[in-house]
Amino acid sequence: MYITTPIYYVNDKPHIGHAYTNLLSDFFARFYRLCKEPVVLLTGTDEHGQKIEKSAKNLGISPTTLVDRVSKNFFDLAKALHLSNDDFIRTTEARHHKAVCHLFETIQKNGWIYKGSYSGWYASQDEAFYKQEDLIEGKAPTGAHVEWVCEESYFFKLSAFQEKLLDFYKNHPDFVMPHGRYNEVIRFVEGGLDDLSISRTGVKWGIPVPGDPDHVIYVWMDALCNYLSAIGYPNHLNNDLWEQSLHILGKDIIRFHAVYWPAFLMAADLPPPSQLAVHGWWTNEKQKISKSLGNVIDPIQLINDYSCDALRYFLLKNGAFSGDTDFSISLFEERYNSDLVNRFGNLVQRVLVFLVKNLDGIVPLAYDKTMQHAWEDLKIYAKNFQINCYVDRVFLLIDEANRYMEDNAPWAIKKLGDKKQLDTVMGNLCEMIKCICFYLSPVIPEGIHKCLSFFGIEGCNTTLLHRSLEGIIVKDVHALYPRLQKEPA
Ligand code: MSP
């Protein structure tokens, strides 16, 4: 499978919205690897266009200095989030430049590009063109500031793709997930498509149109092409990967991915991506997250203050494909303490400390392996993009394991001196912890890595679920997650 994040604009620091798109993609990459599917996970940065050009100008630095500096922030964010990406693409790289020029030239050669003149509104914040009737109180529907543009431009004959796109959607009913978004796309395309301006003369920071360097290629055409540049286009496109491509993206950029991108690809005789998974937005204490409101939440700060797992857990458990989700620091802390510390951390601690103290840490044979069956349901949740259900289901298993420990009270069995029964209970509990580790490894890989290290196991892999832990010696057990201490009032 080929899983991609959107590539991030490098005009500003990363915030939790960016972290969320990254984490969803990483969840799927890790999940499909557990399903024994080879996965390539791609992320990167979108570095051209007017927005970056303007930001650099405002800062009094060159665009190159700006993009190098800010791209590094996104690179570092991927590391801090423990993203398992195989590649990090920057649109200022030579491999990408070559791919974009080739895509443009192919579409041109196929007769889908003509030269004309564009007059209309442009919002550099969205890097998007708007018609007069789109504007709301003189602004783009997104609230972005617009400016009037009147310049020579190359156009892509998007209008000619209306029927082809509608046919494609009809034949691929799961192309856009969730289905509500798919219907939105169809309604938009049924409403008619105008040809699309795909070059700017008023912008200099970009990839020049081949053979006409007064124009730079429209930044969205440039950016979308990253998904191909990273897998060898034009010379060695990895078709097998492309045919299994899953783009993860936020609802604000659906039109670019679901309409323009498949049309560009069809125009270049390439198949559209296999699937788009479109998620909702995060708000902060019910407000849109924006720099001007001063309510941007820095994911790196959260990782430093709490831990990577704390952030991964909260965003993956609560974020949604279907709608928007509100971030609140009190809820964040509450979930951390109640779920990671009390439910999961506590289970691991109680079971393993007891094992070390009473059975020299030696894991006995497990008789009850029923938790392995949960994998079938979890796979369905993940494949249906129901990550919240996935996480909740695993935490119910954790509750079940905690209850099993309470109900069977190994400390009481120990007092009775029933070694066989004690072995059975502790073997079963270790088996449960192992299953839970396997299931949670796409969600909180750091804690799982630590937990498995108590068993002397180096990381989670595809074989772990059905592996017997009998005879393993558990040692060096310590708390997985420190409890947050509330500041005294
Ligand atoms: N550069 C384009 C994408 C090009 S992909 C070929 C872009 N970049 S972005 O940095 O503005 O946004 C990247 C991703 O972050 C998008 O999927 C967007 O939806 C997501 N988010 C930005 N703010 C967000 C929230 N507040 N909440 C959730 N995700 C949001 O668009």
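The values are calculated or read from the model by the stated rules, or taken from the named source; none is laboratory data. Here the structure is a predicted model, which is why all the values come from computation and not from measurement. So basically every Cβ, Gly included, is an ideal-geometry build from the backbone, and we count neighbours across all protein chains shown. The protein model used for the area step is the full one, side chains on, heavy atoms only, and it has no ligands, DNA or RNA in it. Shrake-Rupley method; radii C 1.70, N 1.55, O 1.52, S 1.80 Å.
Against the test of being modelled with pLDDT of 95 or more and open to solvent by 70 Å² or more (accessible area, probe 1.4 Å), the options Y381, Y367, Y404, Y390 yield a single qualifying residue, Y367.
Going through D305, D309, D269, D222 one at a time, which residue ends up being within 11 Å of the ligand (Cβ to nearest atom) and acidic (D, E)?
On the way: D305 fails: within 11 Å of the ligand (Cβ to nearest atom); D309 fails: within 11 Å of the ligand (Cβ to nearest atom); D269 fails: within 11 Å of the ligand (Cβ to nearest atom).
It is D222.
Residues in segment 290-310 that are closer than 28 Å to A144 by Cα and either open to solvent by 30 Å² or more (accessible area, probe 1.4 Å) or assigned to a loop (DSSP other than H, G, I, E, B) (or both): S290, K291, S292, L293, G294, N295, V296, I297, D298, I300, Q301.
Of everything listed in (1) assigned to a helix (DSSP H, G or I); (2) over 18 Å from D167 (Cα atoms); (3) within 12 Å of the ligand (Cβ to nearest atom), the single unmet condition for R255 is (2). Candidates in segment 418-477 are the residues that are part of a helix (DSSP H, G or I) and among the acidic types (D, E); of these, the one that is most open to solvent (accessible area, probe 1.4 Å) is E446.
Of the set (1) open to solvent by 50 Å² or more (accessible area, probe 1.4 Å); (2) of a type outside the set (A, V, I, L, M, F, W, C); (3) under 25 Å from L81 (Cα atoms); (4) not in a loop (DSSP other than H, G, I, E, B), all apply to Y313 but (1). Here P213 meets each of (1) part of a strand (DSSP E or B); (2) buried (at least 16 other Cβ atoms within 10 Å of the Cβ); (3) modelled with pLDDT of 95 or more; (4) of a type outside the set (D, E) with one exception, condition (2).
Of the helices (runs of 4 or more DSSP H) entirely within segment 13-94, those holding at least 2 residues that are within 14 Å of the ligand (Cβ to nearest atom), open to solvent by 10 Å² or more (accessible area, probe 1.4 Å) and within 24 Å of N388 (Cα to Cα) occupy 16-34.
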